[in-house]
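So the structure is just underneath, and the comments pick up after that.
The values are calculated or read from the model by the stated rules, or taken from the named source; none is laboratory data. This one's a predicted model, so the numbers in the text were calculated from it and none came from an experiment. All Cβ positions, glycine included, derive from the backbone under ideal geometry; neighbour counts span all protein chains shown. Protein only, heavy atoms only, side chains kept; ligands, DNA and RNA dropped before computing areas. Shrake-Rupley method; radii C 1.70, N 1.55, O 1.52, S 1.80 Å.
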Amino acid sequence: MELCKISGSTAFQSGRLPKHSVIRMTGTEFRPQNRMFIAGMGFVGQRLGRELKNQGWDVSGTCTSINKKKKLEEERSFQIYLFDANEPDVIILDAIKNHTHMVVSIPPVPGIGDPMLHYEQILRTELVGGKLQWLGYLSSTSVYGDTGGAWVDEDYIPNPTSESGRLRLAAEEGWFNFSQSLGISTQVFRLGGIYGPGRSAVDTIVKQGVLSESQRMRGHKRFTSRVSVDDICQAIMASICTPSSSRRRVYNIVDDDPAPREEVFEYARDLVEKKWPGWIKQPSEQKESLVIANKRGLRGEKRASNARMKNELGVRLLHPSYRSGLQSIIEQMDSPFEHGKLNS
Ligand SMILES: NC(=O)c1ccc[n+]([C@@H]2O[C@H](COP(=O)([O-])OP(=O)(O)OC[C@H]3O[C@@H](n4cnc5c(N)ncnc54)[C@H](OP(=O)(O)O)[C@@H]3O)[C@@H](O)[C@H]2O)c1
């Protein structure tokens, strides 16, 4: 794999490489024969697929509904296969073998585990002698469990406290073992809370003005690690391009600023109030509720370190904090007064 590091603040927003990216400077490009299969064309999958397509990759992927398949094929020119863990059509397992890279973005399902590894034997038979050389699994910082707010890096022994965290950890191990047996290089990305255009505190405030009771109750944590979707894509692409001495590696993909949810929402609300005064109807009640929710007790949690991502993958975060991330989101938004509720 040729060296093709990417950095710069505009690469993933404009869909073009930044002027001074290493790719431009060295003249090294992603090779056109690279083919990515993204299992789970959701929020991250679509964004990653779009960036790779912009760089000349062939991109295929999966989703669960025929309507979404049509939309992604017509509007985004991806080749899409239907795959639903509950009614699986294993024909997609055959399609994967013609791809050089795969990102698994489908969450584990209770009672099934990882939906693709559920068909591990078939998948293994399909992939032996195939083209797949790199696999990325999108996991979660939930695998660490509760450290009482202490910092954790990738060497910390995971101790998930939730069922979803336990399923995640099992899926990580499952993919490592699977690809090791086939000699495929595998990276696990433990993602913090994902946000980006269309899915952020600013979008929530603009759409509904105030938080619902259940949303407020989720604000108990002192620290929540977050990451913008653009930084996730940047890290995955850097990982593809960075030769690793190890065939299996774990990376925390988070920003520098684990912060309480209510702090993030207050900041988002202030941004919306400043940009569109009068749009939020009940700012004072909202603030009061957040204080009450905060007093009800703090739950232990962890702060995930991103040092390995920066040191080994050379990632320079586009959004080191939710502040710049939310600012860039609101800058790209149209006025809700003109267009009704955004992204509804
Ligand atoms: N949201 C967060 O803050 C967060 C934090 C850490 C890790 N993660 C994990 O990181 C990954 C990417 O996140 P994301 O926000 O991009 O997720 P997302 O938008 O929810 O996308 C998930 C994808 O998986 C597919 N999928 C879901 N359940 C499935 C099933 N039972 N069978 C087959 N396919 C299924 C979805 O299909 P459709 O396209 O048809 O819906 C979608 O394409 C996910 O695994 C997510 O759980 C998320």
### Summary
With criteria (1) closer than 16 Å to Arg249 by Cβ; (2) within 16 Å of the ligand (Cβ to nearest atom); (3) open to solvent by less than 30 Å² (accessible area, probe 1.4 Å), Pro158 comes up short on (3)
### Query
Which residues, counting only those in the stretch 83-94, are in a helix (DSSP H, G or I) and either out of contact with any Asp or Glu (no Cβ under 9 Å at 6 or more places or on another chain) or within 14 Å of the ligand (Cβ to nearest atom) (or both)?
Ile91, Ile92, Leu93
### Query
Filter the stretch 101-113 for residues that are near the ligand (Cβ under 10 Å from one of its atoms) and either open to solvent by less than 20 Å² (accessible area, probe 1.4 Å) or under 25 Å from Ile240 (Cα atoms) (or both); which is nearest to the chain's Cα centre (by Cα)?
Ser105
### Message
Let me spell it out: the conditions are (1) closer than 20 Å to Val44 by Cβ; (2) in contact with a strand residue (DSSP E or B) (Cβ under 7 Å, 6 or more places away or on another chain); (3) within 16 Å of the ligand (Cβ to nearest atom), and Phe223 meets all of them except one. Which number is the exception?
### Response
(1)
#### Entry: Single unsatisfied condition, Tyr119 versus (1) crowded, with 21+ Cβ neighbours inside 10 Å; (2) within 14 Å of the ligand (Cβ to nearest atom)
(1)
### Query
In the stretch 78-117, how many residues are more than 30 Å from Gln55 (Cα to Cα) and β-branched (Val, Ile, Thr)?
2
### Query
For the stretch 235-265, which residues satisfy the criterion of being open to solvent by less than 20 Å² (accessible area, probe 1.4 Å), closer than 16 Å to His101 by Cα and polar (S, T, N, Q)?
Ser239
### Task
Test Asn98 against the criterion of being exposed (fewer than 15 other Cβ atoms within 10 Å of the Cβ), part of a loop (DSSP other than H, G, I, E, B) and more than 9 Å from the ligand (Cβ to nearest atom), and give yes or no.
yes
### Query
Say we look at the stretch 137-155 and pick out the residues that are within 16 Å of the ligand (Cβ to nearest atom) and outside any helix (DSSP H, G or I); which of these is farthest from Leu117 (Cα to Cα)?
Val152
### Search result, residues across the stretch 30-82 that are open to solvent by 10 Å² or more (accessible area, probe 1.4 Å), near the ligand (Cβ under 8 Å from one of its atoms), in a loop (DSSP other than H, G, I, E, B) and touching a residue at least 40 places away in the same chain (Cβ under 8 Å)
Gly40, Gly42
### Task
Those residues that are part of a helix (DSSP H, G or I), open to solvent by 40 Å² or more (accessible area, probe 1.4 Å) and within 13 Å of the ligand (Cβ to nearest atom), I need them from the stretch 169-204; list them, please.
Leu169
### Task
Answer yes if at least one residue in the stretch 328-343 is modelled with pLDDT under 85, within 24 Å of the chain's Cα centre (by Cα) and on the phi > 0 side of the Ramachandran plot, and no otherwise.
yes
